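Here's the structure, in structure tokens; my notes come after.
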């Protein structure tokens, strides 16, 4: 019985704000990300909030892919949990193409190591991209 | 705009195997966990696998609560992501009452710190409970 899984926590900042508030586009993009990761979608649920923002989850044969968005600040929080032969990092690359974040931060967590002293283990934590400079008073970005 | 969130990754080993294969009981238990955390459920999706195992997600006003179960080995992997004033740890305690794991391992991750150098930050990682002794050949547990 294979319980091992890989759980990516993804933070995207400086994203395309329009797509962050469009549940249909987000679902389409996430289905593409799941496909790139070689995962199979078995159910989907998306919910839009007032005044803006979306939460969505794809339940996968291999676990799940979720998103929560804050369009007002161009921020999205995601997690992509897969078991088996999937590659969630390939899904992350698809999300980056669609959301176009200025910064993406990823934490890669192994899970389900039930025969080891720790079942949870962080294997990577990286930040990539350009952190936007703050606006100077009266100045240019 | 408050983007800060708290994301608990929970691993439960040595659980009650019957409940791990019962999506109705799991959903009821997870709704109780969400309520204990002071979170509001906006959507739910559960899926049972062949020959056994369940994946389920509650989409919350404050993010999500997910479970993936391996009844054959008494293992469940969960994550509970909340924003705002919720307390996901209170939800973890409810899950422990229901699943009765022999071991629970928790990683507590802060998210959405978009003004800090790291948006993701681990604030706690703990293992509690008794690790079951392996069966000795012909012996007692």
Condition met for residue A:85 (in a helix (DSSP H, G or I) and either surrounded by fewer than 19 Cβ atoms within 10 Å (Cβ to Cβ) or more than 13 Å from chain B (Cβ to nearest Cβ) (or both)):
no
Looking at region A:21-36, can you tell me whether even one residue there is surrounded by 20 or more Cβ atoms within 10 Å (Cβ to Cβ) and outside any helix (DSSP H, G or I)?
no
Test set (1) more than 10 Å from every other protein chain (Cβ to nearest Cβ); (2) in contact (Cβ under 8 Å) with a residue 24 or more places away in the chain - residue B:40 fails condition number:
(2)
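Looking at A:84, A:74, which one is at pLDDT below 95 and on the phi > 0 side of the Ramachandran plot?
On the way: A:74 fails: at pLDDT below 95.
On inspection, the qualifying residue turns out to be A:84.
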Looking at (1) within 12 Å of another protein chain (Cβ to nearest Cβ); (2) assigned to a helix (DSSP H, G or I), find the lone condition where residue A:2 falls short.
(2)
Which condition number in (1) facing chain B (nearest Cβ under 10 Å); (2) more than 29 Å from residue B:11 (Cα to Cα); (3) buried (at least 20 other Cβ atoms within 10 Å of the Cβ) is the one that residue A:109 fails?
(2)
Go through (1) buried (at least 24 other Cβ atoms within 10 Å of the Cβ); (2) touching a helix residue (DSSP H, G or I) at 6+ places or on another chain (Cβ under 7 Å); (3) part of a loop (DSSP other than H, G, I, E, B) and name the single condition residue B:52 misses.
(1)
Just one of A:77, A:43 is touching a strand residue (DSSP E or B) at 6+ places or on another chain (Cβ under 6 Å), surrounded by fewer than 21 Cβ atoms within 10 Å (Cβ to Cβ) and within 18 Å of residue B:78 (Cβ to Cβ); which is it?
A:43
Every residue in region B:92-103 that is in contact (Cβ under 8 Å) with a residue 24 or more places away in the chain and out of contact with any helix residue (DSSP H, G or I) (no Cβ under 6 Å at 6 or more places or on another chain), please.
B:92, B:93, B:96, B:99, B:100, B:101, B:102, B:103
Suppose we keep only residues that are over 17 Å from residue A:94 (Cα atoms) and at the interface with chain B (Cβ under 9 Å from one of its Cβ atoms) within region A:63-73. Which one would you say is surrounded by the most Cβ atoms within 10 Å (Cβ to Cβ)?
A:63
Only residues that are away from chain A (no Cβ under 14 Å) and surrounded by fewer than 24 Cβ atoms within 10 Å (Cβ to Cβ): list them for region B:88-105, please.
B:89, B:90, B:93, B:94, B:96, B:97, B:98, B:100
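How many residues are in a loop (DSSP other than H, G, I, E, B) and without any contact (Cβ under 8 Å) to a residue 60 or more places away in the chain if we restrict to region B:55-82? I'd like the intermediate steps shown before the answer.
Residues of region B:55-82 in a loop (DSSP other than H, G, I, E, B): B:61-62, B:74.
Filter again for without any contact (Cβ under 8 Å) to a residue 60 or more places away in the chain, leaving B:61-62.
Within region B:55-82, residues that are in a loop (DSSP other than H, G, I, E, B) and without any contact (Cβ under 8 Å) to a residue 60 or more places away in the chain number 2.
The values are calculated or read from the model by the stated rules, or taken from the named source; none is laboratory data. These numbers come from a predicted model, not from an experiment. Heads up, the Cβs are rebuilt from the backbone with ideal geometry, glycines too, and the neighbour counts pull from every protein chain shown.
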